[in-house]
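Notes follow once the structure below has been shown.
The values are calculated or read from the model by the stated rules, or taken from the named source; none is laboratory data. Model, not experiment: these values are computed from the prediction. Here Cβ is always computed from backbone atoms with ideal geometry, including for glycine, and neighbour counts include all displayed protein chains. The protein model used for the area step is the full one, side chains on, heavy atoms only, and it has no ligands, DNA or RNA in it. Shrake-Rupley method; radii C 1.70, N 1.55, O 1.52, S 1.80 Å.
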Amino acid sequence: MTFRENEFESQAAELRDEITALDAELTEEFKSQFSIAPFLSRKIVSFQGNKDKPAYNWYKYKEAFSAGLVEYFLSNYEGGTQGKVLDPFAGIGTALFAASEQNIHADGIELLPIGQEIIQTRLLLQSGLTTSETATLERWIASQPWKDFPQRVPFSTFRITENAYPSETVDAIERYRGAMQHENEIIQAILRLSLLCVLESISYTRKDGQYLRWDARSGKIRPGTKPFNKGEILSFAPAITAKLKEILSDVTSAETLITLFPVTQTSCGINLFKGSCLGILPTLETESYTAIMTSPPYCNRYDYTRTYALELAMLGLTHAEVSNLRQEMLSCTVENREKDLLKICPKWSPFIEAANNQKLLKTINTYLEHEKAAGTLNNNSIPRMVRGYFSEMACVIGECFRVLKPNARLFMVNDNVRYAGVGISVDLILSDIARTLGFEVEKILVVPGKKGNSSQQMGMYGRIPLRKCVYVWKKDNVEYSTFI
């Protein structure tokens, strides 16, 4: 090792020690708020908890939490079942529909078109189906009218979705899309949703964290990589008819109708704002919500425009539109460029300052820049991503404080992460920022059992577990103007 390398490693070791000390200091400050919550299983804080719940399980959205989690927090905290709930990262609408089942008005903000499509279709189905519409879906299931339909409607592809399906599946999808155009709005919405729900199962791909993983049968095998077999690749007809049967059963079954569409619920009970929460939150009325229940993107490099590329292509987005979506997302992937937050909202200076002055985060940012200079990071954009993530989250937190009523709570699910061998206690950093901006940190509820760091990190630093938590922050009864 050269003198320069020794010097870099010595500086890195000092910064790691400082991070460890600051982390321990902050842990001690929040010691009374931390608690292991046995009811918070990995299942209930993830989409796994929705597997047996009608409508929630139509589409496998791995970033979702369960409806049961929403029900628990809204029911067990004072004021949760009154007024209006907000989810700034609505996903496929789990928090919105779970709140609505409890007769609570819910607003959601969602950027990705796949989430918007699912929420809108469920809202469209709130009034149920007519006898004629039920008969139409039964006909599609029984006679599969697309099979001999002459008109094909091709669908978009991106470079990363080209040749994602067997040729016979492509033909079936195009005929299906042609045939569905002759149905009414509600039937088209159900047919389109059903198609989106089965894309992964009929393709050569599987969603795998940061990207789509390709089955070896696709012919896309990178040299030097181990061939991957995802298991059975479903044929189009059995896959789509099974999904249509499931949805039809759920929207017509007397047993599930009350859960899916409560008699007191109307279409105005849920309101969806399409776009980035960074752009929409500043437009919402001050002190208008009695609870916020959300799970933002984690600071884990996952690019949801790639994870959900099959669905975005099927919805007709262009490459340029997807690229724009990627930049509008909260900074959680290395391809996110730095956002001009003060251009979005000039009043955000105190929020950005709260992130910039957070001592643990400042040292982590310094360490990551040091590792970038030393050439040890596997991607040099990691420091920019981490810095952007916390600055943008500080703005989200500040806006959430503004729109909450006094004494209302924000419930947030999030994961800790690790880069360059250093654990980033997202729970501590965000809670400290929230405290600076006026929130009382009531609880940091730790999910029992901890996940390990990535395989690359484990290879270099060993298996070091990371916390997953639900934060419970209460808005103190103070004036918002104190912080702006």
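Here is how the numbers come out for the structure above:
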item: Chymotrypsin sites (Phe, Trp or Tyr not before Pro) within segment 345-438, DSSP loop, no more than 12 other Cβ atoms inside 10 Å; result: none
item: Normalised contact order of the chain, rounded percent, pairs of Cα under 8 Å and 6 or more residues apart; result: 20 percent
item: Whole-number accessible area per residue in Å² for segment 36-187, which is evaluated in the context of all protein chains at 1.4 Å; result: 42 Å²
item: Protein-only accessible surface order, largest first, of HIS319, HIS105, HIS370 at 1.4 Å; result: HIS319, HIS105, HIS370
item: Ranking by accessible area, most exposed first, for TYR211, TYR298, TYR308 with a 1.4 Å probe; result: TYR211, TYR298, TYR308
item: Coil-residue GluC sites (Glu not before Pro) of segment 102-204, DSSP, other Cβ within 10 Å capped at 16; result: GLU162
item: Furthest towards positive pole of dipole, ALA135, VAL70, PHE401, structure part the chain, Cβ charges; result: ALA135
item: Cross-link table LYS339/LYS405; LYS53/LYS207; LYS339/LYS359; LYS207/LYS443; LYS60/LYS443, entries beyond 25 Å C-alpha to C-alpha; result: LYS339/LYS405; LYS207/LYS443; LYS60/LYS443
item: Those aspartates and glutamates that a straight Cα-Cα span of less than 13 Å connects to LYS226, excepting residues fewer than 8 apart in one chain; result: ASP215
item: Read-out Kirkwood radius over Cα pairs in Å, derived from the coordinates shown; its label in (i) 24.0; (ii) 22.7; (iii) 25.0; result: (i)
item: Shape category assigned to segment 155-314 from the gyration tensor of Cα positions, a/c cut at 1.5; result: oblate
item: Acute angle (nearest 10 degrees) that the helix 113-124 long axis makes with the longest principal axis of the chain, alpha-carbon atoms; result: 50 degrees
item: Helix 426-436 axis, angle to the chain major axis (alpha carbon atoms, nearest 10°); result: 70 degrees
item: Three-way shape label, segment 80-211, alpha-carbon gyration tensor, a/c 1.5; result: oblate
item: Length-normalised contact order for segment 307-457 - Cα pairs under 8 Å, 6+ apart - percent; result: 23 percent
